[in-house]
Each structure stands twice: as structure tokens, then as C-alpha cells.
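Peer 1: The structure that follows is given in the form of C-alpha cells.
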Ligand SMILES: Cc1cc2nc3c(=O)[nH]c(=O)nc-3n(C[C@H](O)[C@H](O)[C@H](O)COP(=O)(O)OP(=O)(O)OC[C@H]3O[C@@H](n4cnc5c(N)ncnc54)[C@H](O)[C@@H]3O)c2cc1C
């Protein structure tokens, strides 16, 4: 039986969370994730006097429109950034209460507080945001989230937001690294029930692709493996045992769900120059997706 190899050098990604947002007529990618994080942080200050308010449907819809206006339309270029949304990009803006100040937060770094000052600032902000209503509260929350995420590590509400995506044409070598991230959930194509039919699809690493002699060695090796797979199949061996001779380069598909806190961790480790090219490319794609639609969480990630 003859066997051919098919080499790929770029994976494709389906952004399932984004697509689901559209199909549910929300039309605002990731808004439900943002809203859950908002409710999470809001829960934390709900015992502050003045904050025991329920959210009406009307208010919830207003917030949806607001997020659309300020984030999604802006990043999609349908709406020019206005003054009020400059801070959403957060490139250089930081904010604190001035130490011991009773004023409203100015969102400017007025001094360099100690850790306890940061906690005091966070507590004052709780009270301040609890006193706001509707649009103001929501915008305040986005700033607050950015602040405490970076400065007082109150990150658990970010776990209410999740991303689900499917990777196609990635190597087993990539997925083996990926699944080491224990706090994410995975569903991967079975090698037992879905065996290679004869042809072998493999991911060729970029550094081998651009080095002609290395590419020839890679290709010849994969051709031999493809032929041996076919021979084992002809000898009546089942997929569950044939897979023992599969190379790490073999392609696979995997669906991944990560909460945003784990996604931050994944991105910071795997976008790093220390990470391997293929997983680095995936981490970059995930960051680009999340930074586009949820910039208040992902715009300031520190790469390891
Ligand atoms: C450049 C690079 C090289 C690597 N090389 C190797 C290698 O040679 N060999 C190898 O085996 N691995 C290697 N790894 C994988 C690495 O050791 C981790 O398994 C992988 O990066 C997952 O990261 P994590 O454990 O921090 O995160 P996750 O599993 O994503 O967990 C997130 C965080 O949750 C916490 N956590 C999760 N589970 C536990 C637990 N059981 N106990 C305590 N805290 C927990 C930790 O704070 C952890 O950082 C490498 C990773 C990178 C980025």
C-alpha cells in the first residue's frame, strides 16, 4: 500500500466563544464573559452600603450597548476612539487614590504607595464604585478590574470569563505542551478510534521548513513512517497499537477551554521567546483574540 505525507506549516483556529456569541444574537463577542466578571467583582462589594442594588434588564442591556460602543466597535474600526475610551487601551495610564485623600480617584499615579496603601486604595475604590450607577459603575468597574488585577492580585473574578477555541493542524508535540496547563479543559481527536488512513499529515517546524537539507531529512523520515504505518495496517494491527510509531509531528485537533486567569498565565509563559515556535504562535493568536475583545484584562500581560 502506498502512503503519502502531507506537510502543513500553519495551524488554523476556530474561535468558538466568539462564534457562539454571534449565534446567540448577542452580536458582541465575549460580552457575556465580560459581564460575568463584572458581576463577580460587583459581588465582592455588594455589602458596601449603597451597593445592594439589583440589576434591571434595562440596565443590563444598556451595559451591553456600552461595551459594544466602547470596545468592540472601537477595535473593529467602526467607531473612532473618543476621549472617554482612551483609557480602555491602558497603554500608559495607571491610577491610584492619592495617599490618604478623600477626593474621588483621579486615575493618575500620584505617588508610589506601599502595599498597604494599595489595599487601602482598593477598599476606597470598592466604596466609590459601589456608589455609582449603570454606565458609570460599569466603566468604573473596568478601570477597577485593571487596577486590582495588576496591583493587589485580586484576580479570582476574572475566572468567570472563559475562552473556547479549536486548534486544527497542530502537532502532537504542541498539544503535549499545551495539556500541561492543568487548569484548562481539553477534548482531543482520538488516535485510537480515528486512525491514520494511509497518508500522514505532519506539521513541519518552521526552522526545518526554511533549511533545505533539514527539510529533505524530515520529509524522507516522514515518508518512511507513513509507509510503515501502512504496512502495520496491512498486517492487521489496530490503531491503538499502530500509533506507537507515530511521530510527534503528526497533526491533531483539540478543543480548549481556558478561564481568563489561566489564559493570562498560559499567554505569559508561552508567548515568551523561551517557548517553542509552534506553541508561541498559538499563544500569540489567543492573546490577539482576547486583547482585541477583552482589553481591560489582556492589554498589560507580562511575558515571562
Ligand atoms: C519554556 C518552557 C520549557 C519547559 N520545559 C519543560 C521540561 O523540560 N519538562 C517538563 O516536564 N515541563 C516543561 N515545561 C512545562 C512546565 O513545567 C509546566 O508544566 C507548564 O508550563 C504548565 O505551567 P504551570 O504548571 O505553571 O501551569 P498550569 O498547569 O497551567 O497551572 C496554573 C498555575 O496553577 C497553580 N497550580 C496548578 N496545579 C498546581 C499544583 N498541583 N500544585 C500547586 N500549584 C498548582 C500554579 O501556580 C500554576 O502556575 C516547560 C514550560 C515552558 C514554558
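The values are calculated or read from the model by the stated rules, or taken from the named source; none is laboratory data. On a predicted model such as this, the values are computed, not experimentally measured, just so you know. Note that we place each Cβ from the backbone using ideal geometry, even for glycine, and neighbour counts take in every protein chain shown.
Peer 1: Any residue in the stretch 275-294 that is assigned to a loop (DSSP other than H, G, I, E, B) and under 13 Å from the mean Cα position of the chain (by Cα)?
Peer 2: Looking through the stretch 275-294, at least one residue is assigned to a loop (DSSP other than H, G, I, E, B) and under 13 Å from the mean Cα position of the chain (by Cα).
Peer 1: Quick one: in the stretch 284-300, which of the residues that are in contact with a helix residue (DSSP H, G or I) (Cβ under 6 Å, 6 or more places away or on another chain) and without any contact (Cβ under 8 Å) to a residue 24 or more places away in the chain is farthest from the ligand (Cβ to nearest atom)?
Peer 2: Checking each candidate, the answer is 291.
Peer 1: Taking the stated definitions as given, is residue 303 outside any helix (DSSP H, G or I), over 20 Å from residue 187 (Cα atoms) and within 16 Å of the ligand (Cβ to nearest atom)?
Peer 2: Taking the combined requirement at face value, the residue satisfies it.
Peer 1: Against the conditions (1) outside any helix (DSSP H, G or I); (2) within 16 Å of the ligand (Cβ to nearest atom), where does residue 202 fall short? Just the number, please.
Peer 2: Result: residue 202 passes all but (2).
Okay, residues lined up against (1) surrounded by fewer than 19 Cβ atoms within 10 Å (Cβ to Cβ); (2) away from the ligand (no atom under 16 Å from the Cβ); (3) farther than 30 Å from residue 162 by Cα:
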{"position": "227", "(1), (2), (3)": "yes, yes, yes"}
{"position": "241", "(1), (2), (3)": "yes, yes, yes"}
{"position": "246", "(1), (2), (3)": "yes, yes, yes"}
{"position": "250", "(1), (2), (3)": "no, yes, no"}
{"position": "255", "(1), (2), (3)": "yes, yes, no"}
{"position": "270", "(1), (2), (3)": "no, no, no"}
{"position": "282", "(1), (2), (3)": "no, no, no"}
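Peer 1: Would you mind stating whether residue 101 is at pLDDT below 95, part of a loop (DSSP other than H, G, I, E, B) and assigned by TED's automatic domain parsing to the domain that holds residue 290?
Peer 2: no
Peer 1: Give 235, 214 a once-over and let me know the one that is without any contact (Cβ under 8 Å) to a residue 60 or more places away in the chain, surrounded by fewer than 17 Cβ atoms within 10 Å (Cβ to Cβ) and in contact with a helix residue (DSSP H, G or I) (Cβ under 7 Å, 6 or more places away or on another chain).
Peer 2: Only one candidate qualifies: 214.
Peer 1: Another one. Filter the stretch 257-268 for residues that are in a helix (DSSP H, G or I) and within 9 Å of the ligand (Cβ to nearest atom); which is nearest to residue 203 (Cα to Cα)?
Peer 2: By that ranking, first place goes to 266.
Peer 1: If only one of 178, 189, 174, 167 is more than 16 Å from the ligand (Cβ to nearest atom), in the same structural domain as residue 283 (by TED's automatic domain parsing), within 16 Å of residue 281 (Cα to Cα) and surrounded by 13 or more Cβ atoms within 10 Å (Cβ to Cβ), which one is it?
Peer 2: Among 178, 189, 174, 167, only 167 is more than 16 Å from the ligand (Cβ to nearest atom), in the same structural domain as residue 283 (by TED's automatic domain parsing), within 16 Å of residue 281 (Cα to Cα) and surrounded by 13 or more Cβ atoms within 10 Å (Cβ to Cβ).
Peer 1: In the stretch 148-161, what residues are in contact with a helix residue (DSSP H, G or I) (Cβ under 7 Å, 6 or more places away or on another chain), part of a helix (DSSP H, G or I) and at pLDDT below 70?
Peer 2: Result: 148, 149, 151.
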